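For reference, the structure is listed below as structure tokens.
The values are calculated or read from the model by the stated rules, or taken from the named source; none is laboratory data. The shown structure was predicted, so the numbers you read here are calculated from the model rather than taken from an experiment. Cβ: placed from backbone, ideal geometry, glycine included. Neighbour counts: every protein chain shown.
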Amino acid sequence: MKDIRSFTKDELKAELAALDMKPFRAGQIFDWLHVKGATGFDEMTNLSLVDREKLAGEFDASPLSIRDVQISSIDGTRKYLFLLHDGNMIESVLMSYKHGYSVCISTQAGCRMGCRFCASTLNGLARNLTAGEMLSQIYGIERHAGVKISNIVTMGSGEPLDNYDELVKFIRLVSDPDGRNISQRNITVSTCGLVEKMRRFADEGFAVTLAVSLHAPNDDIRRQTMPIANAYSIDSVIDACRYFFEKTGRRVSFEYSLIKGVNDSRQNALELAGRLKGLNCHVNLIPINPVKERSYERSVRSDIESFAKMLEKNGINATIRREMGRDIDGACGQLRKRYLDSDTQ
């Protein structure tokens, strides 16, 4: 059945016309789905029973099923495992900050990028998510936790720009003033550096933040950990970031996971600073969460702090990411992989 949460208001009007329903019903349905949080057509009481039955015969408005929830005893971070209608599973994370609640959502079930410090890619890509499935992660978490989300990051499982069309539709839907109306300035889109799609995304006219997974100061090191580096050089990625800033005026964020003995030296920091010089950007330093299938180790705290100081000394804004949910399956894809492994045994 069609995922009704994936339709814009105009698309809904076209769909309703085929069912011989009045165009104004599209606005009512949109409000039920994206403002009131309806999880079924029976809740839409300002629609006639006949119209509700028509909708139920064509569309799916059911919520995602929560398979598991892990709650950190340290900071209250919640990690959700959602079961999709076709049996695939995805992860989402709810984090509490002083400025409000932030959610990290998945854009794909699995991932095909192959980054060697990430658990999301170990089982490959199952499929892309629809815009409605992205939205349903947010709505499901809000219902379960009794909170309202104010910030969104697409840093769960998957490469967002590898699911380009549905990602763009998701951003338009979640920021729609007649829907959830989350400011685009509170949305962060991550990418491991799909250069052509980064440039295309810059032309969309969004006011979102772009977070680029860099994780290395040069191509040789990047190719060790990120297969995408065989297709795109660091220079081409950074050039695309400059284009993004020119088109949007939005500062670019670089994600840099520090791996002991691989990319965390003083020389690595100096080289990174040199590459980023002149670009309006921020570097987010991330102590990696060890993945049992990988041999990489987390950098020691003193090296992480020295790396940050070296960047700052050379004019690059940098912070060390606050670790959230250290006592639960922290790395992207770990909870999902544990369930996938248990199902095959």
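Tabulated data for the structure shown
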item: Residue in the stretch 163-182 that is surrounded by fewer than 20 Cβ atoms within 10 Å (Cβ to Cβ), hydroxyl-bearing (Ser, Thr, Tyr) and not assigned by TED's automatic domain parsing to the domain that holds Ile29 present; result: yes
item: Unmet criterion (only one of (1) touching a Phe, Trp or Tyr at 6+ places or on another chain (Cβ under 8 Å); (2) small (Gly, Ala, Ser); (3) surrounded by fewer than 15 Cβ atoms within 10 Å (Cβ to Cβ)) for Ser257; result: (3)
item: Some residue of the stretch 252-259 being more than 26 Å from Asp203 (Cα to Cα) and of a type in the set (D, E, K, R); result: no
item: Qualifying residue in the stretch 76-84 (condition: crowded, with 21+ Cβ neighbours inside 10 Å and more than 19 Å from the chain's Cα centre (by Cα)); result: no
item: Residue count for the stretch 43-75, restricted to those that are loosely packed, with under 14 Cβ neighbours inside 10 Å and aliphatic (A, V, I, L, M); result: 3
item: Matching strands (runs of 3 or more DSSP E) fully within the stretch 238-345 where at least 3 residues are closer than 24 Å to Ser157 by Cβ and modelled with pLDDT of 95 or more; result: 252-258, 281-287
item: The one condition in (1) polar (S, T, N, Q); (2) surrounded by fewer than 19 Cβ atoms within 10 Å (Cβ to Cβ); (3) within 21 Å of Glu312 (Cβ to Cβ) that Ser233 fails to fulfil; result: (3)
item: The stretch 46-96: number of residues that are of a type in the set (A, V, I, L, M) and without any contact (Cβ under 8 Å) to a residue 60 or more places away in the chain; result: 9
item: Number of the condition not met by Gly37 [criteria: (1) part of a loop (DSSP other than H, G, I, E, B); (2) free of Cβ contacts under 8 Å to residues at least 60 places away in the same chain; (3) out of contact with any Lys or Arg (no Cβ under 6 Å at 6 or more places or on another chain); (4) outside the structural domain of Ser157 (by TED's automatic domain parsing)]; result: (2)
item: Residues being in contact (Cβ under 8 Å) with a residue 12 or more places away in the chain and farther than 18 Å from Asn284 by Cα - total across the stretch 222-234; result: 6
item: In the stretch 303-312, residue nearest to Asn268 (Cα to Cα) [restricted to those that are over 27 Å from the mean Cα position of the chain (by Cα) and touching a residue at least 24 places away in the same chain (Cβ under 8 Å)]; result: Met310
item: Residue in the stretch 140-148 that is surrounded by fewer than 17 Cβ atoms within 10 Å (Cβ to Cβ) and either at positive phi or not assigned by TED's automatic domain parsing to the domain that holds Ala229 (or both) present; result: yes
item: Tally of residues being farther than 26 Å from Ser175 by Cβ and touching a residue at least 12 places away in the same chain (Cβ under 8 Å) across the stretch 2-19; result: 1
